[in-house]
1. Starting from 0.36 nm per residue, how many nanometres of slack lie between residue 82 and residue 187 once their C-alpha separation is accounted for?
2. So what J values fall out for the stretch 166-173 if you push phi through Karplus, 6.51 cos²θ - 1.76 cosθ + 1.60 with θ = phi - 60°, rounded to Hz, Gly and Pro as x?
3. Please list, by residue number, everything in the stretch 182-204 whose backbone N is under 15 Å from a paramagnetic label point 7 Å out along Cα→Cβ of residue 122.
4. FRET efficiency for residue 194 and residue 57, Cβ-Cβ distance as r, R0 = 45 Å, nearest 0.05?
5. Where a Cα-Cα gap under 12 Å defines reach, which aspartates and glutamates qualify for residue 25, not counting those fewer than 8 residues away within the same chain?
Amino acid sequence: GTEHYVALVQQIIETLDSSEALERKTEVYRLKNAQAPDVGTAIRSFLDQERQRVTQVLGADAVGTAQRLLEREVAIVPEQVSNTLLLSARPRYFEQIHQIIEELDQAQSQVLIQVLLAEVTLDSNRDLGFEWSFTKNLGNGWNVGTGTDFGIPTQMKNFGGYSALVTGNNMQFLMRALENDGRVEVLSRPQILTADNKVASINI
């Protein structure tokens, strides 16, 4: 071949024949944030695009050679149960792939949605009053009496609030104070946490 291509082939042979190129570095990388299958798919897509770029540079005749070289350069296997990546590559590509994995494993922004379901009672009641009566026997069959009658029973049962009752032979006095306000009853407080740009659903 020409002098340029002979020099290029010689450089490739020397690279493949060197001990450093034949060595492989293997590591089990445990992901902290990302999912192993997603990272594995992203790196495979990256390697595929690199393979296409090399193919365009070397031409269609070198497709088989370029593909075999790239496949031998990097091997990556995702393990879903432990969320780890099994990475094996030659030293010159290992650090590059390792750096890509670290970038893909960065913590993502998260979105927290909190929902409050409450039953609100919009009513109020205020009761304040007195019930009293007084009677006096003047003798000779004459009785004098005065008082109020609002239909409040004299027995202090189930009144609620505050009440006071005083009774005597000829006097009865009842005071009652009660105030009721509407309240809020929390029925449910669900929440959902998802990563940014990730679809999530919640059923209530």
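Every number in this text was worked out from the coordinates using simple rules, so none of it is lab data. In this text the structure is predicted, and so the values were computed from the model without any measurement. Reconstructed Cβ throughout: ideal geometry from the backbone, glycine too, with neighbour counts over all protein chains shown.
1. Net length gain for the segment: 34.0 nm.
2. Going residue by residue, I get 10, 10, x, 4, 10, 9, 9, 9 Hz, with x marking Gly and Pro.
3. In the stretch 182-204, the label zone of residue 122 (backbone N under 15 Å from the point 7 Å along Cα→Cβ) covers 182-185.
4. It comes to 0.60.
5. Straight-distance partners of residue 25: 73, 95.
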